[in-house]
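First up is the structure itself, then whatever we jot down about it.
The values are calculated or read from the model by the stated rules, or taken from the named source; none is laboratory data. These figures come from a predicted structure and were not determined experimentally. No Cβ is skipped: glycine too gets one built from the backbone with ideal geometry, and neighbour counts run over all protein chains shown. Surface areas here come from the heavy atoms of the whole protein model, side chains and all, with no ligands, DNA or RNA. Shrake-Rupley method; radii C 1.70, N 1.55, O 1.52, S 1.80 Å.
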Amino acid sequence: QFAFQENEIKLLTAEIERLKNFGCLGVSPSLEGLRDENAKLKYRLNFLKKSLQEERNKSTKSMININSCLQEIFGAAIQAAYPDLDNPPLVVTPSQQPKFGDYQCNSAMGISQILLKTREQKVIPREIAEKIVKNIPANECIEKVEIAGPGFINVHLRKDFVSKQLSSLLINGVQPPAIAKRKKVVVDFSSPNIAKEMHVGHLRSTIIGESMCRLFEFAGYDVLRLNHLGDWGTQFGMLIAHLQDKFPDYLTVSPPIGDLQAFYKESKRRFDTEEEFKKRAYQCVVLLQSKNPDFIKAWNLICDVSRREFQKIYNCLDITIIERGESFYHEMMKDIVKEFEDKGFVQVDDGRKVVFVPGFPVPLTIMKSDGGYTYDTSDLAALKHRLCEEKGDILIYVVDSGQSVHFQTVFAAGQMIGWYDPKVTRVAHAAFGVVLGEDKKKFKTRSGDTVRLIDLLEEGLKRAMDKLKDKERDKVLTPEELRAAQTSVAFGCIKYADLSHNRLNDYVFSFDKMLDDRGNTAAYLLYAFTRIRAIARLANIDEQMLRKAAREEVLVLDHEKEWKLGKCILRFPEILQKILEDLLLHTLCDYLYELATTFTEFYDSCYCVEKDRQTGQIVKVNMWRLLLCEATATVMAKGFDILGIKPVQRM
């Protein structure tokens with residue numbers, strides 16, 4: 001990762017020497033210009049040396065992505081073995097069985113196919129594998145390699161390398177691998193509508209979006225979390241007209257709107273049945289959009305009631321988000337329409353201004369026949385602002401799958417007009433499926449209504465407390481510990497149930513399954529975590545003693561279960577790297593479950609603390625094994641943090 005900088009330092013050093021020779025030889029360029037050039041080069045050289053040293057210092061604390069290291073090693077070996085082969089396949093994966101080593105490189109089969117297709121050379125994969133193995137460069141991580149079957153290269157890691165990485169993790173904590181450039185990531189998530197309550201449909205966007213933000217922040221990116229509220233549009237005309245009728249003194253006395261959902265339904269009923277009210281509602285929209293102060297105040301009052309309700313949900317789920325609704329982009333929309341018109345992309349269809357995007361059958365409507373704007377206009381304005389004003393390098397929209405065609409069309413329009421190049425800027429729709437009830441139909445109440453999110457969270461709290469009392473936790477925990485365990489289990493289980501499913505699929509919401517403390521659930525993982533944390537505490541080993549041991553002890557990995565656990569812990573960076581690429585968070589959940597079950601195998605086979613069977617007194621503490629416990633818990637804690645789950649010390 002430092003090769004580029006080191007090469008530039010060599011080139012700059014050579015250039016400085018060349019300029020010195022210029023001066024010695026008395027060649028024509030002015031001495032002043034020569035000095036300036038020399039000074040600039042020296043400054044650049046010093047800057048590069050300093051930044052290289054900083055990166056090296058940072059990287060010594062970072063967790064190493066072993067898979068990436070092996071890819072670099074095998075990439076170099078393949079390049080040396082087949083220097084004239086363009087983009088040869090590079091396939092390195094963890095081995096599924098110990099007899100096949102720790103990792104496998106399966107590139108030989110792919111290279112064999114390429115040689116046959118492009119050069120008509122028939123070379124068996126095993127010969128290719130042998131050639132690759134002969135060209136493996138010197139490195140610190142591989143103990144030995146073996147060629148198996150038709151040409152699989154089985155890789156065995158060095159134990160001292162794995163032990164050293166575990167020690168580094170214990171001393172420095174879980175540090176993300178160093179990134180080349182600190183890119184800006186804009187994440188659009190949650191996005192409820194003003195005057196409507198958040199329902200179970202908003203649950204997935206809110207939870208998935210928050211977790212994605214946490215992951216990118218941990219990886220060192222600059223993250224902007226945006227709540228694209230539905231806070232503008234024709235519905236506000238009927239809401240303001242109804243507000244004027246129901247609370248005529250709203251400008252001086254704050255209206256006591258307790259149930260905004262009921263208020264919305266009343267105004268909608270009047271809009272649908274009373275012609276006079278409907279006309280007045282349209283007039284209110286015009287006055288609002290012209291920024292009449294009285295109507296802006298009415299609009300703010302309605303928005304504030306919704307904001308307070310949304311914040312209750314965000315507080316429960318520990319969500320951090322910046323409000324930037326459709327109203328934020330309203331003033332930009334006329335410029336968006338003009339830009340598309342100026343570039344010749346606009347067609348008029350029955351009074352509407354539409355934009356056809358190649359490859360998409362349905363056009364974007366950027367202006368209605370009455371001169372009003374649409375969701376298409378506001379989404380285009382938001383896209384441009386995030387690209388051109390916020391300078392986002394990565395844009396992620398966490399919105400349900402039903403909006404896929406709409407977003408693909410908007411993104412394609414942004415490319416068409418020249419706002420971004422997809423080779424440089426990543427714009428992604430992180431789509432997700434719907435939440436289903438246990439009847440496999442859309443999750444609704446018994447009366448057929450959409451489930452309110454606040455009701456769902458309250459039900460989760462009640463069921464978590466029932467579960468804890470069933471386990472008689474109320475008899476051993478203090479009231480404060482019991483409440484902490486209740487919220488940890490309730491909200492942790494709701495989040496994990498969502499995140500542990502592939503977001504592209506629908507999933508069945510079941511409190512019984514998510515609160516089960518067996519299998520891949522938050523209840524199981526939270527319990528496993530508190531148990532791991534308790535091992536050192538019950539052996540009277542405190543944090544200071546563990547820190548001292550991490551610096552002095554060598555982590556022995558002689559037992560097969562110690563070795564398996566050590567390797568599993570160190571796979572954390574490659575799991576995170578995969579999610580940064582595909583945005584599928586269930587991979588992290590699967591990994592945490594695998595880590596917890598691998599730990600259980602280790603704990604059942606390897607004594608961490610040995611006690612006298614008669615007296616129960618501690619006779620021996622195997623400190624290197626306690627350090628493995630600590631490393632497991634440290635990685636689990638960071639995994640929980642990325643998922644937005646709060647573990648507790650006692651449960």
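Here are a few things to note about the model shown:
- The numbered conditions (1) within 30 Å of Val305 (Cβ to Cβ); (2) at pLDDT 95 or above; (3) out of contact with any Ser or Thr (no Cβ under 7 Å at 6 or more places or on another chain); (4) assigned to a helix (DSSP H, G or I) are all true for Leu203 except (2).
- Qualifying residue in region 217-240 (condition: closer than 30 Å to His501 by Cα and either part of a helix (DSSP H, G or I) or more than 25 Å from the chain's Cα centre (by Cα) (or both)): yes
- The residues of region 370-405 that are within 24 Å of the chain's Cα centre (by Cα), of a type outside the set (Asp, Glu) and open to solvent by 40 Å² or more (accessible area, probe 1.4 Å), listed by number, are Lys384, Cys388, Lys391, Ser401, Gly402, Gln403, Val405.
- For region 388-410, the tally of residues that are out of contact with any helix residue (DSSP H, G or I) (no Cβ under 7 Å at 6 or more places or on another chain) and under 23 Å from Phe356 (Cα atoms) stands at 10.
- Of residues in region 101-147 being under 36 Å from the mean Cα position of the chain (by Cα), of a type outside the set (D, E, K, R) and assigned to a loop (DSSP other than H, G, I, E, B), the one nearest to Asn65 (Cα to Cα): Cys141
- Those helices (runs of 4 or more DSSP H) lying entirely in region 554-608 with at least 2 residues within 19 Å of Lys164 (Cβ to Cβ) and touching a strand residue (DSSP E or B) at 6+ places or on another chain (Cβ under 8 Å): none
- The lone criterion from (1) in the same structural domain as Ser190 (by the TED database); (2) within 36 Å of the chain's Cα centre (by Cα); (3) in contact (Cβ under 8 Å) with a residue 24 or more places away in the chain left unmet by Lys343 is number (2).
- Selection within region 418-447 - modelled with pLDDT of 95 or more and surrounded by 17 or more Cβ atoms within 10 Å (Cβ to Cβ): Trp419, Tyr420, Thr425, Val427, His429, Ala430, Ala431, Phe432
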